[in-house]
Amino acid sequence: AGGTVRNSEVSQRFPGRVAVRWLDPTDVAEVLGSCDHGILVREGSLTNRVASPTKFAEYLNAGIPVIISPDLGDQTAEVERERLGIVHREDAVLPILARPTADERERLTAHAARQLTKPAFASQYSRIVQALTARSRCASA
């Protein structure tokens, strides 16, 4: 098993191709829009097996494919099922990564809008709140 790889090591290995930055949250979407792929690699811990990283939605919303590690919440299966990027297994060689086409970016952005935004689930959320409110009224009556 390999050791922990630091972001700085990846950016040194691929100068001019990998950027590691801290951004103001208001700048994230614009910067990601200029990227070709998003990297979401985590160690295989229990915490990561049940995680739901915000970065996953940010990458897809920006229209960039995700390079993700195995067993990262539900996202790994979603990447495989919906062709949202690459599941990178330890010690595997990454294929040559092509820039996503405009159509691919549009498909990924549309997936994020359908599956990973609050408006996509507004009606379900509203029904849950209404059911809880009705139940609360019954309990206090």
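Across the stretch 1-20, the qualifying residues are those that are of a type in the set (V, I, T) and modelled with pLDDT of 75 or more, and the one among them that is surrounded by the fewest Cβ atoms within 10 Å (Cβ to Cβ) is V20. Just one of (1) among the β-branched types (V, I, T); (2) modelled with pLDDT under 90; (3) out of contact with any Ser or Thr (no Cβ under 7 Å at 6 or more places or on another chain) fails for V31. It is (2).
Residues in the stretch 94-141 that are surrounded by fewer than 10 Cβ atoms within 10 Å (Cβ to Cβ), under 23 Å from L60 (Cα atoms) and among the hydrophobic types (A, V, I, L, M, F, W, C): L94, I96, A102. Among the residues of the stretch 21-60, those identified as under 20 Å from R89 (Cα atoms) and in contact with a helix residue (DSSP H, G or I) (Cβ under 6 Å, 6 or more places away or on another chain) are G38, L40, R42, F56. Candidates L72, L94: the one that is over 22 Å from A29 (Cα atoms) and touching a Lys or Arg at 6+ places or on another chain (Cβ under 9 Å) is L72. When V50 is tested against the conditions (1) within 27 Å of V18 (Cα to Cα); (2) in contact with a Gly (Cβ under 9 Å, 6 or more places away or on another chain); (3) not aromatic (F, W, Y), the lone failure is (1).
Does the stretch 21-28 contain at least one residue that is open to solvent by 100 Å² or more (accessible area, probe 1.4 Å) and charged (D, E, K, R)? Yes, the stretch 21-28 contains at least one residue that is open to solvent by 100 Å² or more (accessible area, probe 1.4 Å) and charged (D, E, K, R). Only residues that are buried (at least 17 other Cβ atoms within 10 Å of the Cβ) and part of a helix (DSSP H, G or I) were counted in the stretch 78-93, giving 2. Within the stretch 29-77, the set of residues being part of a loop (DSSP other than H, G, I, E, B), aliphatic (A, V, I, L, M), over 20 Å from T117 (Cα atoms) and open to solvent by less than 60 Å² (accessible area, probe 1.4 Å) is empty.
Residues checked against (1) within 14 Å of the chain's Cα centre (by Cα); (2) of a type in the set (F, W, Y); (3) modelled with pLDDT of 85 or more:
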| residue | (1), (2), (3) |
| --- | --- |
| A51 | yes, no, no |
| F56 | yes, yes, yes |
| P65 | yes, no, yes |
| V87 | yes, no, yes |
| D91 | no, no, no |
| R99 | no, no, yes |
| A113 | yes, no, yes |
| L116 | yes, no, yes |
| Q130 | no, no, yes |
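For the stretch 85-108, a residue qualifies if it is touching a residue at least 24 places away in the same chain (Cβ under 8 Å) and touching a helix residue (DSSP H, G or I) at 6+ places or on another chain (Cβ under 6 Å), and the qualifying residues are G85, L108. Only one entry of I68, I64 meets the criterion of being touching a Cys at 6+ places or on another chain (Cβ under 7 Å) and either closer than 23 Å to E106 by Cβ or among the aliphatic types (A, V, I, L, M) (or both), and that entry is I64.
The values are calculated or read from the model by the stated rules, or taken from the named source; none is laboratory data. The structure displayed is predicted, hence computed values, not measured ones. Every residue, glycine as well, gets a Cβ built from its backbone with ideal geometry; the counts of neighbours run over all protein chains shown. The protein model used for the area step is the full one, side chains on, heavy atoms only, and it has no ligands, DNA or RNA in it. Shrake-Rupley method; radii C 1.70, N 1.55, O 1.52, S 1.80 Å.
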